[in-house]
1. If r is the Cβ-Cβ distance from residue 235 to residue 13 and R0 is 41 Å, what FRET efficiency results, to the nearest 0.05?
2. Quick one: what do you get for segment 28-150 if you divide its Cα Rg by 2.2 N^0.38 Å?
3. Ignoring ligands, DNA and RNA, how do 261, 75 rank by accessible area with a 1.4 Å probe, largest first?
4. Treat each spin label as a single point 7 Å out from the Cα along the C-beta direction, and report the residue 93 to residue 115 distance in nm.
5. Given labels modelled 7 Å from the Cα in the Cβ direction, how far is it in nm from residue 53 to residue 245?
6. Note the full-extension length gain between residue 195 and residue 28 as 0.36 nm times their separation in residues minus their Cα-Cα distance, in nm to one decimal.
Amino acid sequence: AAFKVYENSRVLTVDLSNALPINTYSDMLDIGPLFLAIIHKDRQCVELISSESIPYLSENWIERTAGVMDYIISLQQLNNLTSSATLVVVQQNNTVEAHYYSECGQNADNKFLVLLTEAQYYVRPTGLYRAQLEYNETVEIPIYVTHLGKPAENISIGVALTTNRYGQGGKGFPIPENGVTVEDSNKTMKTTDSSGLVTFTYRVAMEMGTERYFNPTPCGGNQPNLTKLPIDGQVYHFNYGVCTTETNCSFESENIVIKGLSSNNASEPY
């Protein structure tokens, strides 16, 4: 979770708006008691910021608070957070048998799971992540990567076009593969800078009214690719995620959406 420490007043402000899961109705998903904690890797324990759990399941919590919470912290907690300690969201689970942290101090029997493990990264677009473009127009969309609440440097991030989505009735329909391209010499994998940012440029590469190849073939079977006339306003969805190689990426989402237009209505609301 993103946070800021005000040293003079010893106030910790935490933004949990993007740190907790939601269901398909955009309501907070119940994953049990959650707490804010400082993780002490050397002692394999977590120090709770507060003994009170995060009230994320209370009525209209996200609407009332925007997920932002303030805590008064101790001088020791202040020193930990302004040095090398890491702030994490933990789930209390006293039945878990492995990969847990005990609570520091007298309550060592309490077991907690760190929601974001040390091998995982939080990856999401910043600012604009949907765009309407006319032929040959471009848009830059930065992606922000953090690791346990801090910007992650030198992390390889990839993007890829989702080539098959599902329409009404559960039937798959094809997406043209060459209508929107990722620029920067066709690189689809780049590394983050010291601020945890990496930027990809998207371009409408072919006019939406020209013929293009669809893959896979809309008719199914072993037929060769068929040329079809795409409609104006084709929508392209892009995955993004952490990569170990050009071909090995853990794509997490399809939130980047580019709509290509060949007419003069790109400025109309999307």
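The values are calculated or read from the model by the stated rules, or taken from the named source; none is laboratory data. As the structure is a computational prediction, the values presented were derived from the model and not from experiment. All Cβ positions, glycine included, derive from the backbone under ideal geometry; neighbour counts span all protein chains shown. Accessible surface areas use protein heavy atoms only, side chains included; no ligands, DNA or RNA. Shrake-Rupley method; radii C 1.70, N 1.55, O 1.52, S 1.80 Å.
1. 0.65
2. Normalised Rg, Cα atoms only: 1.33.
3. Accessible-area ranking of 261, 75, largest first: 75, 261.
4. Placing both labels 7 Å along Cα→Cβ, they lie 1.4 nm apart.
5. 4.4 nm
6. Roughly 57.2 nm would be gained on extension.
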